[in-house]
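Here the structure comes first, spelled out in structure tokens, and everything after it is commentary.
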There are 2 protein chains.
Amino acid sequence: MSEAASGGESLLFLTDEQLRKGIEAMFFAYRGFTADPDRILDGMDYGRAHHRAIHFIHRSPGTTVNNLLSILGVTKQSLNRVLRTLIDDGLVESRVGRVDKRERHLFLTPKGADLERTLSDAQRARMRAAYRAAGPVAVQGFRQVLEAMMDPDQRRQYQTLKEGGA
Amino acid sequence: MSEAASGGESLLFLTDEQLRKGIEAMFFAYRGFTADPDRILDGMDYGRAHHRAIHFIHRSPGTTVNNLLSILGVTKQSLNRVLRTLIDDGLVESRVGRVDKRERHLFLTPKGADLERTLSDAQRARMRAAYRAAGPVAVQGFRQVLEAMMDPDQRRQYQTLKEGGA
DNA sequence: GAAGTTACGTCAGCCTTGTTGACTTTCCAA
DNA sequence: TTGGAAAGTCAACAAGGCTGACGTAACTTC
């Protein structure tokens, strides 16, 4: 490659060996990433799927079922099972749309917001520790690589969420 | 916090908002991370669990079942089901240990190595594109944050693997 | 106003991949 | 020789994905 010859900055970070380390880092890190919420949910009747639904409803209150579907990337049957229990248990409220009555807008109830806080506090605590240990420059790189790793569709959704919350 | 007051470099990267973005980035990126191998495996009778087993057997040829168990973090019954099909299909070979005949040492057959290559080529291609897009500095930060995010046990295993392959 | 489309919910059934628990066989080591 | 570790296996179950089919209400289009 020309860059390797032209400059001191080589392309050694693109070797298969380096890529493999990145792949394994993703594998192990994701386990850590989900470990704390999983532990909390383990006692309750909920799982990771409930966590995801709660997260994104909290994130975008009033979101429609269809919208949530496309963010989570699952089928409506799969989401419905999860949503059903959350609504029945009084963690999520489903309101019929005003302008389009076919739509259901989803909101967390106070009880749902409580669980959301418990879960995200735990997940953020780990994230915060990792960020603090690695420092702001590393964090920027972390985010850059993750964004580059997403599928275009996913990246668009991520960007939309990112802007909305900024 | 004193650092925020003391220096120009603030701790804004540790705000809940920034942490939430990191959490969502992990969520969407992991989907991309697994998408390509998943697509390949979809046609065959295998799934993500088979991919993981194949990856780590390739990574550490001759590893024992117990060792693989602790790396993958699943029960032996769960791993056994996956391993059973891979052995029956002639992708993995299980050799009785020489010094300790209770142990089984696992190896990929040529056929298994073929599939491993197909899968890891696809996964590395995406990784490489992401690395290239983000650049070496970002990649270093990426790896730092991921390592800091792991549980201590996972980090130890990751480090061991990392050194072994370096 | 009729016909088609969209949003949502639900029933039924299936698959993968994780779990526990119980039990056997094999084999090393004290 | 006996206890315990390693491995394998059977059975049962649960979470959380999936497809397919169907129903209903509401919106859109012709």
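Every number in this text was worked out from the coordinates using simple rules, so none of it is lab data. Every value quoted in this text rests on a predicted model; they were computed, and no experiment measured them. Using ideal geometry, Cβ is built from the backbone for each residue, glycine included, and neighbour counts are taken over all protein chains shown.
Here are the numbers:
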quantity	calculated
For region B:76-166, radius of gyration divided by Kirkwood radius, i.e. Rg to Rh on alpha-carbons	1.07
Whole-number Å³ per residue for the convex hull built on Cα positions in region B:16-134	132
Nearest-20 debye value, the protein assembly as shown charge dipole, Cβ charges on Lys, Arg, Asp, Glu	480
Loop-exposed trypsin sites (Lys or Arg not before Pro) per DSSP, neighbour cap 10 Cβ within 10 angstrom, longest uninterrupted part of chain B	B:1-97
Interchain or long-range residues, amide H under 5 Å from A:Glu93's placed H	A:Phe107, A:Leu108, A:Thr109
Dipole of the protein assembly as shown, positive end: most advanced residue of B:Val96, A:Phe13, A:Ala113 [Cβ charges, Cα centre]	B:Val96
Around A:Thr34: net Lys/Arg minus Asp/Glu count, Cβ-Cβ under 14 Å	+2
Size of electric dipole in chain A: Cβ of Lys, Arg +1 and of Asp, Glu -1, about Cα centre, debye, nearest 20	560
Rounded tilt (10° steps) of B:110-134 against the dominant C-alpha axis of chain B	10
Residue-count net charge about B:Ala148 - beta-carbon cut-off 10 Å; Lys, Arg +1, Asp, Glu -1	+3
Folded to 0 to 90 degrees: helix A:48-59 orientation relative to chain A principal axis, Cα	80
Cα coordinate range in the protein assembly as shown, projected on the principal axes (Å, largest first)	68, 49, 36
For region B:125-146 and region B:57-120, distance of Cα centres in Å	30
